[in-house]
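Data first, discussion second: the structure below is written as structure tokens.
The values are calculated or read from the model by the stated rules, or taken from the named source; none is laboratory data. Bear in mind the structure is a predicted one, so any value in this text is a computation, not a measurement. With ideal geometry, Cβ positions are generated from the backbone for all residues, glycine too; neighbour counts draw on all protein chains shown. Areas reflect the complete protein model, heavy atoms only, side chains present, ligands, DNA and RNA absent. Shrake-Rupley method; radii C 1.70, N 1.55, O 1.52, S 1.80 Å.
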Amino acid sequence: MELNVLETETEPKQRVKRKKSKIKKITKTDYVLAAFMLIVLVVTLYPFLNVLAISLNDATDTARGGLHIFPRIFTLANYQEVFASNGNLILAFQNSVLRTIIGTVLSTFSCAVLAYVISRKQFVFRKAVTIMLTLTMYISGGLIPSFLVIRELGLINNFAVYIIPSLLSAFNVIIIRSFIDDLPDALEESAKIDGASDFTIFLKIIMPLCMPVLATVALFVAVGQWNSWFDTYLYARSNSDLTTLQYELMKIMDNASSMTSNDVNGINSQQMLSRKTTPESIKMAVTVIATVPILLVYPFLQKYFVSGLTLGAVKS
Amino acid sequence: MESLKAVEAAKEVKQPKLKKAKTKITWKKIKDQKVLILMSLPFVAWLMVFAYTPLFGWIIAFQDYKPQNGFFGSEWVGLKHFIDLFQQPLFYSALKNTLGMGVLGLVFGTLTAIMFALALNEMRFTRFKKLTQTVSYLPHFVSWVVVANIVTQTLSISGIANEVLLSLNLIEAPINFLANPNSFWGIVTGADVWKETGWNAIIYLAAMTSVDQEMYEAAEVDGANRWQKILNITLPAIKPIIVVLMIMNIGNLINIGFEKQMLLGNNIVANKALVIEKYALDYGIGMFRYSFGTAIGIFKSIVSVFLILTFNSIAKKTGQGGLL
């Protein structure tokens, strides 16, 4: 329902624009522009397709080179190797999924709660909390003091290090808050008369209305969580139970570039030879696994994050 | 009764301080809003611990910090670590690399984003435009690990970059781009442009679509062509947002991070890939020189503030409007 309201607001404008652009004549310049865009498309997509092709191609055949966007000898062996390996890759995948789900739910909810609180005009500490939050966008203690705080809290080699230090983001809170500010007051006033507490109003009225903006924030947080490798490197390196997919991929890359070690995640080259795969092809398979979840999600949220980003930038 | 007295006492203590505040904080209000206060409490605590304690931790830059002695028990050494820092040749090389890649990233990042936004804005094939836009966001969402992997693959000896250059007869033998220290800054900038152009164009495009259509129509009546409309209407319309983003990004020239450099770098290009934050990481955490590392962080923040203020005043003086 609420979603429909929002959509009908924006739709007429778009229609008008479309009509206008149809009136305009298509000239030579338009074809030049289209050609330019085609180049942009190819340059953006080719590398991804190339990685996909290598990951689906027979590893010894790949080594001969000349592979572009279609596999020559199709095989799933590289993926089987990733999931059958005695290395950490399955664990890494599980941890990445786990941190993405838990981190996204907790962070989005936390940002929403704080955004709601600082959107209440009657709230006595509104200004203080708002200033405290926005200041964090401009000044930060930096890498080493943050590291020391996290270590003092005993979060090193602890799964919580993936969730707690990144719980709040001032930018995300402000995006949600701007959205709440634009909601009509009448809805919650009636709820207040019914005696609902602020928390109930937040859960039952504000949260459902905020779904578009919450989807945007959830996307930002989820992408950040899924893509993060540095926190594993810095805080959880010595606990292999906490490894993540991006960190494992980074290690594979590191090994491949240094060329000194032929041991990738406990799979040595002897084993690889018998399994018909190479570190190069495994690397590409892991790259695909690290990319696909994002590919599946972001196009559907495009409308929301574009407006969310524009709003956030204007407000800040 | 007891509690009432306490409340009265608290009122007496608090009120003089709060006289200046617009909304008076009274116990009644606090009581009424206890739910809101309880809701904000965990997050205020989070901010104190994860945002403000590290800031307070800056004091260790002026100490010989030893973890077992804590923030207060460590010996005070004044500016020793800063003086030490300014005597390290490696620091200057890291500073040069950071600012070099920062400036390249800012110039090419801004230019490509504006150009791409202009091109999108001018596109008349609506479906194709939407597709291009969606695809252009994709690299923004993948991790730097994946991008570094893709860049390495593309620029490798057998990669597509060499293949294209060879087939166009622009080069005679394949080049190992990633093993050439002189091309490292360019590679990082190129990777950055590839990853972020589509994303950064969003904001410019939004500014362009909010331009009043009547202005274009009026220009058409006057016989303006497309170029003239871009130069005289679109670009002036987005100038304020360009200036604001420029000032913000100039402040971040030194905060370019270290992810790209760490993932794309290797031993051969190490002296071109070392950036300030990596330097702080290697010395501050890798060598347990926490105070030294914090001093680097403080230096970075000071430079950042200095850059913002300088360019803000330049923008104001030249009549471009400022941020602050």
### Task
Could you please let me know if B:Lys31 is over 31 Å from the mean Cα position of the chain (by Cα), more than 10 Å from chain A (Cβ to nearest Cβ) and in a helix (DSSP H, G or I)?
yes
### Query
Do we have any residue at all in the range A:97-110 that's touching a Ser or Thr at 6+ places or on another chain (Cβ under 6 Å) and surrounded by 19 or more Cβ atoms within 10 Å (Cβ to Cβ)?
no
### Query
Which of the residues spanning the range B:260-303 are farther than 17 Å from B:Phe82 by Cα and among the polar types (S, T, N, Q)?
B:Gln261, B:Asn266, B:Asn267, B:Asn271
### Task
Considering each of A:Ser274, A:Ser307 in turn, give the residue that is in a helix (DSSP H, G or I), at pLDDT below 65 and open to solvent by 50 Å² or more (accessible area, probe 1.4 Å).
A:Ser274
### Query
Which one of the conditions (1) more than 16 Å from B:Val147 (Cα to Cα); (2) crowded, with 16+ Cβ neighbours inside 10 Å does B:Thr197 fail to meet, given that it meets all the rest?
(1)
### Task
Please work out if A:Tyr46 is of a type in the set (Ser, Thr, Tyr), under 22 Å from the mean Cα position of the chain (by Cα) and surrounded by fewer than 20 Cβ atoms within 10 Å (Cβ to Cβ).
yes
#### Entry: Scan of the range B:103-119 for residues that are over 15 Å from B:Met246 (Cα atoms) and aliphatic (A, V, I, L, M), ordered by number
B:Met115, B:Ala117, B:Leu118, B:Ala119
### Message
Looking only at the range B:110-135, filter to residues that are among the β-branched types (Val, Ile, Thr) and facing another protein chain (nearest Cβ under 9 Å); which one of those is most open to solvent (accessible area, probe 1.4 Å)?
### Response
B:Thr126
### Task
For the range A:190-205, indicate whether the set of residues that are open to solvent by 30 Å² or more (accessible area, probe 1.4 Å) and at positive phi is non-empty.
yes
### Message
Name the residue that is most open to solvent (accessible area, probe 1.4 Å), counting only residues in the range A:58-69 that are within 14 Å of chain B (Cβ to nearest Cβ) and in a loop (DSSP other than H, G, I, E, B).
### Response
A:Arg64
### Query
Tell me, which residue of the range B:41-75 that is open to solvent by 30 Å² or more (accessible area, probe 1.4 Å) and not in a helix (DSSP H, G or I) is farthest from the other protein chains (Cβ to nearest Cβ)?
B:Glu75
### Query
Do the conditions hold for B:Lys239, that is, is it more than 26 Å from B:Phe177 (Cβ to Cβ) and in contact with a Phe, Trp or Tyr (Cβ under 8 Å, 6 or more places away or on another chain)?
no
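Results for (1) assigned to a helix (DSSP H, G or I); (2) farther than 30 Å from B:Leu79 by Cβ, shown as yes or no for each residue.
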residue: B:Gly223; (1), (2): no, yes
residue: B:Met246; (1), (2): yes, yes
residue: B:Ile256; (1), (2): no, no
residue: B:Glu277; (1), (2): yes, no
residue: B:Ile285; (1), (2): yes, no
residue: B:Thr294; (1), (2): yes, no
residue: B:Ser301; (1), (2): yes, no
residue: B:Leu307; (1), (2): yes, no
### Task
Could you pull out the residue among A:Ile163, A:Ile118 that is hydrophobic (A, V, I, L, M, F, W, C) and over 19 Å from B:Met39 (Cβ atoms)?
A:Ile163
### Query
Inside the range B:148-193, can you point out the residues that are touching a helix residue (DSSP H, G or I) at 6+ places or on another chain (Cβ under 7 Å), part of a helix (DSSP H, G or I) and without any contact (Cβ under 8 Å) to a residue 60 or more places away in the chain?
B:Asn149, B:Ile150, B:Gln153, B:Thr154, B:Leu155, B:Ile160, B:Ala161, B:Phe177, B:Ser183
### Summary
Note on the range B:136-146: residues more than 7 Å from chain A (Cβ to nearest Cβ) and either outside any helix (DSSP H, G or I) or over 23 Å from B:Ala119 (Cβ atoms) (or both) are B:Trp144
### Query
Only one of B:Leu99, B:Leu38 is in contact (Cβ under 8 Å) with a residue 40 or more places away in the chain, in a helix (DSSP H, G or I) and more than 7 Å from chain A (Cβ to nearest Cβ); which?
B:Leu99
#### Entry: Every residue from the range A:141-168 that is more than 7 Å from every other protein chain (Cβ to nearest Cβ) and either crowded, with 20+ Cβ neighbours inside 10 Å or hydroxyl-bearing (Ser, Thr, Tyr) (or both)
A:Ile150, A:Val161, A:Tyr162, A:Ser166
#### Entry: Within the range B:275-293, considering residues that are surrounded by fewer than 23 Cβ atoms within 10 Å (Cβ to Cβ) and among the aliphatic types (A, V, I, L, M), the one farthest from the other protein chains (Cβ to nearest Cβ)
B:Met287
